[in-house]
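The values are calculated or read from the model by the stated rules, or taken from the named source; none is laboratory data. None of these values were measured; they are calculated from a predicted model. Backbone-built Cβ (ideal geometry, glycine too); neighbour counts: all protein chains shown. What goes into the accessible areas is simple: the full protein's heavy atoms, side chains included, and nothing from ligands, DNA or RNA. Shrake-Rupley method; radii C 1.70, N 1.55, O 1.52, S 1.80 Å.
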Amino acid sequence: MNAQRNRHVAPAPRADGGVGTAKAHDSAPLHVTGEAVYVDDIAVPSDTLHAHIALSDVAHGRLTSLDIAAVRAAPGVVDVITAADVPGVNDVSPIAGDDPMLAADTISYNGQALFAVAAETQLQARRAAKHAVVDIDAGSPIVTIDQAMDAGSLLGPPEVMESGDLDDALARTPHRLQGRLYIGGQEHLYLEGQAALAIPGEGRDVTVHASTQHPTEIQHKVAHVLGLASHDVTVEVRRMGGAFGGKESQGNLPACIAALLAVRTRRPVKVVYDRDDDMRVTGKRHDFRIDYDVGFDDHGRITALDVTHAIRCGMSWDLSEPIGDRAMFHADNCYFLEHARITSYRCKTHTASNTAFRGFGGPQGMIGMERIIDHVAYALGRDALAVRRANFYDHRDAPAPKRRTTPYNMAVEDCIIQDLADGVARTSHYAARCEEIAAWNAANPVLKKGIALTPVRFGISFTKTFLNQAGALVHVYNDGSIGLNHGGTEMGQGLFTKVAQVVAEEFQVDADRVKITATTTGKVPNTSATAASSGADLNGMAAANAARKIKTRIAAHLAEQHQAAPEDVRFLPGRIAVGGQEMSFDDAVMSAYMARVPLSATGFYATPKIGWNKQERTGRPFFYFAYGAAVTEAVIDTLTGENRLLRADILHDVGRSLNPAIDRGQIEGGYVQGAGWLTTEELVWDAAGALKTHAPSTYKIPTSADRPPELNIAIYDRGANAEETVYRSKAVGEPPFMLAISAFFAISDAIARAGGGQYPDLQAPATPERVLAALKASGLADAAERFGAGQ
């Protein structure tokens, strides 16, 4: 009897590694053993050439002459190309057509490509390039946002987004204040630098192995530069060693250079940047200047807000238009703004064209809003969390909601930020720790602690509606093994593993049965970039669509064989049930194969419900929002400005997690990278436009020692996407990055608690120099005054 009872309650068997399983990254063993193959590791033919791109040392001027005769004559050199040698279009820009592959006459930044050399070895190519005689008539560069704004140097007219009646609301508001926040840029510093290998094929064909998030864009750019059709170019990507947005458009240049040289020489050509060149050539996260004029009531509720973004775009558009737009979309973060005006100036400077970076403008828009909330709270003498709560959008379950429309006229229907903020405040003991920190600070004259809780609401979808599409290709082989290909790219974020889990879940087989294959334009065409946190959303749904087509065919075949209805065929773990019988998945597949049932299918997915009218500034640019909240505690040294993050508590919503292990890794990595942006990572250009922080020796990313010693991460256990996404999951690539905004305001809180009387005018990143400047601006005496000039 007991045995029968135990059999009755035993859980049903489950396929191994399906959706919801904490499965390891598919390449994890290869990563830790060094066996993972990246572009520079691909075995190449013995006649492969190595190319070096020569760069301008001048930021602004006119290229009056370029003599490369000595370069051509140098040892080992096989070919040299300049702008005059481009057979198609001399452009590698993603959108606007304003980013020349090789400079023809105008020099627009220090690091711009002038010519490229292909030689037998990389060293020979680099040495040969030094023989060029370059004559540039140099001008005075515009480097900073302030310089660009003063000069009126813009890529286009300013963009404006408005809601309500701002001018009237500002005139009537009970309280009002103004402020300015500078936000620094950020270098991607992916472990694998920009790299491409081009191999000429028969006739006009060329295959490019590239480290890129956007194989289709590489395909298009190579075709345009070479004057070919897209079908002549195949781009393949197995994996990248990191990207973070820096390989969405910035891989176009090395791929096009390699392809052109390969076609000209009829030999394989490889381009691999060294780190210094990589940092000089490529764009960064956009740095911002944010000005605000805010009105608010006695409770801190914002009654009117006029905010202006000025962003450094660099020498060309690249992706600055959608990045600037997304910063505007996220200028409200989690807060309802009834009367608001958001203005965005896109500044043209003589620096590398800035580009996509994790969050794509969203982090800059959000930190600007959090600065405003923090400033309002300080002015009222209220706890910042209370002011944040007073301004939140209405909860999705609130009766008769009135505070759910964004400044761009999108209804916020899924707001759960109250749950997350309250949850992390409770588990982190936020209120008690505020009191403990006050007591600790009273007993410590030099070291001061601060704490902050900040929320995240991040829109998920490409704001360019047409990009929200994906394709996939699934093969079921007659032995029951499965091949998977889709348009997404793997950059360490675990996308391939998640999509394989989706396919395994659909067929109810072990995930190890699903073979992940390299992304290639020859299998899945017209792909969008793996960006906008949409990789799993788009490609997971496309792969599920392909798998369901095959399942439908198998079910119809088995139903006919067993005189059953197709809907009665059930896919169970490792087996299929039909007509009161069960057979193994392998036997079912072989039966279908013998009956000539097609076991291969393409899948497609287009995100529903979305649409954005840029001209009218209305619509629904996002399918849904991802939410999170974090509490960070920090300590500063008021004598040196040094600071440390002591503890972080995170509660993040990923919907129903496809893979909790990968999602937790993304949350931790996003927080630490975000903390680096706001604390240690500082980009510095000199007045001549030369990047001085162009190597890891001069640019400090966070290390393991910079991670908070106590880092508590929890996935919201009631999460489930209200929208029909892949297994009701939510995107997790970019949203966690903005959890680190809490680190910046913890440092700001420590400065405020140090007691100078004025709001701490802390600028980002919060380097020791900026912390000291903020302490002084707040009215706190400097170290010499407090402790004696001679001590």
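Identify all residues within the stretch 73-118 that are crowded, with 22+ Cβ neighbours inside 10 Å and among the acidic types (D, E); write none if there are none. D99, the sole residue that qualifies. Go through the stretch 714-735 and report how many residues are part of a loop (DSSP other than H, G, I, E, B), open to solvent by 30 Å² or more (accessible area, probe 1.4 Å) and not charged (D, E, K, R). Residues in the stretch 714-735 being part of a loop (DSSP other than H, G, I, E, B), open to solvent by 30 Å² or more (accessible area, probe 1.4 Å) and not charged (D, E, K, R): 2 in total.
Scanning the stretch 616-656 for residues being open to solvent by less than 20 Å² (accessible area, probe 1.4 Å), assigned to a loop (DSSP other than H, G, I, E, B) and farther than 30 Å from L447 by Cα gives a total of 5. Does at least one position in the stretch 373-388 carry a residue that is assigned to a helix (DSSP H, G or I), hydroxyl-bearing (S, T, Y), open to solvent by 10 Å² or more (accessible area, probe 1.4 Å) and more than 24 Å from K700 (Cβ to Cβ)? Yes, some residue in the stretch 373-388 is assigned to a helix (DSSP H, G or I), hydroxyl-bearing (S, T, Y), open to solvent by 10 Å² or more (accessible area, probe 1.4 Å) and more than 24 Å from K700 (Cβ to Cβ).
Residues in the stretch 266-312 that are among the hydroxyl-bearing types (S, T, Y) and either under 24 Å from the mean Cα position of the chain (by Cα) or open to solvent by less than 30 Å² (accessible area, probe 1.4 Å) (or both): Y273, T282, Y292, T308. Of all residues in the stretch 590-615, those being outside any loop (DSSP other than H, G, I, E, B) and under 40 Å from the mean Cα position of the chain (by Cα) number 10.
I need the full set of residues from the stretch 38-55 which are out of contact with any helix residue (DSSP H, G or I) (no Cβ under 7 Å at 6 or more places or on another chain), surrounded by 16 or more Cβ atoms within 10 Å (Cβ to Cβ) and not in a helix (DSSP H, G or I), in order please. If the condition is that a residue be out of contact with any helix residue (DSSP H, G or I) (no Cβ under 7 Å at 6 or more places or on another chain), surrounded by 16 or more Cβ atoms within 10 Å (Cβ to Cβ) and not in a helix (DSSP H, G or I), then Y38, I42, V44, T48 are the ones that fit. Just one of the listed residues (F496, F571) is part of a strand (DSSP E or B), open to solvent by less than 40 Å² (accessible area, probe 1.4 Å) and touching a residue at least 40 places away in the same chain (Cβ under 8 Å), and it is F571.
Counting the residues of the stretch 424-478 that are in contact (Cβ under 8 Å) with a residue 60 or more places away in the chain, of a type in the set (F, W, Y) and open to solvent by 60 Å² or more (accessible area, probe 1.4 Å) gives 1. Beta carbons closer than 7 Å, at least 6 apart along the sequence or on distinct chains, pair a first residue in the stretch 217-228 that is within 21 Å of R266 (Cβ to Cβ) and touching a residue at least 40 places away in the same chain (Cβ under 8 Å) with a second that is surrounded by fewer than 21 Cβ atoms within 10 Å (Cβ to Cβ) and polar (S, T, N, Q) for Q219/S230; A223/S230.
Residues are listed down the side, and each one gets a yes or a no for (1) closer than 30 Å to T405 by Cα; (2) hydrophobic (A, V, I, L, M, F, W, C); (3) part of a helix (DSSP H, G or I):
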{"residue": "D422", "(1), (2), (3)": "yes, no, yes"}
{"residue": "R426", "(1), (2), (3)": "yes, no, yes"}
{"residue": "A432", "(1), (2), (3)": "no, yes, yes"}
{"residue": "I437", "(1), (2), (3)": "no, yes, yes"}
{"residue": "W440", "(1), (2), (3)": "no, yes, yes"}
{"residue": "P445", "(1), (2), (3)": "no, no, no"}
{"residue": "R457", "(1), (2), (3)": "yes, no, no"}
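Can you name the residue in the stretch 340-352 that is open to solvent by 10 Å² or more (accessible area, probe 1.4 Å) and either assigned to a strand (DSSP E or B) or charged (D, E, K, R) (or both) and is also farthest from A148 (Cα to Cα) among such residues? Per the criteria, the residue is R341.
If you go through the stretch 326-339 and pick out every residue that is open to solvent by less than 10 Å² (accessible area, probe 1.4 Å) and touching a Gly at 6+ places or on another chain (Cβ under 7 Å), you end up with 6.
I'd like to know if the stretch 202-210 contains one or more residues that are open to solvent by less than 30 Å² (accessible area, probe 1.4 Å), among the charged types (D, E, K, R) and at pLDDT 95 or above. For the stretch 202-210, residues open to solvent by less than 30 Å² (accessible area, probe 1.4 Å), among the charged types (D, E, K, R) and at pLDDT 95 or above: absent. If I filter the stretch 66-77 for residues that are among the β-branched types (V, I, T), part of a strand (DSSP E or B) and more than 22 Å from A356 (Cα to Cα), do I get at least one hit? For the stretch 66-77, residues among the β-branched types (V, I, T), part of a strand (DSSP E or B) and more than 22 Å from A356 (Cα to Cα): present.
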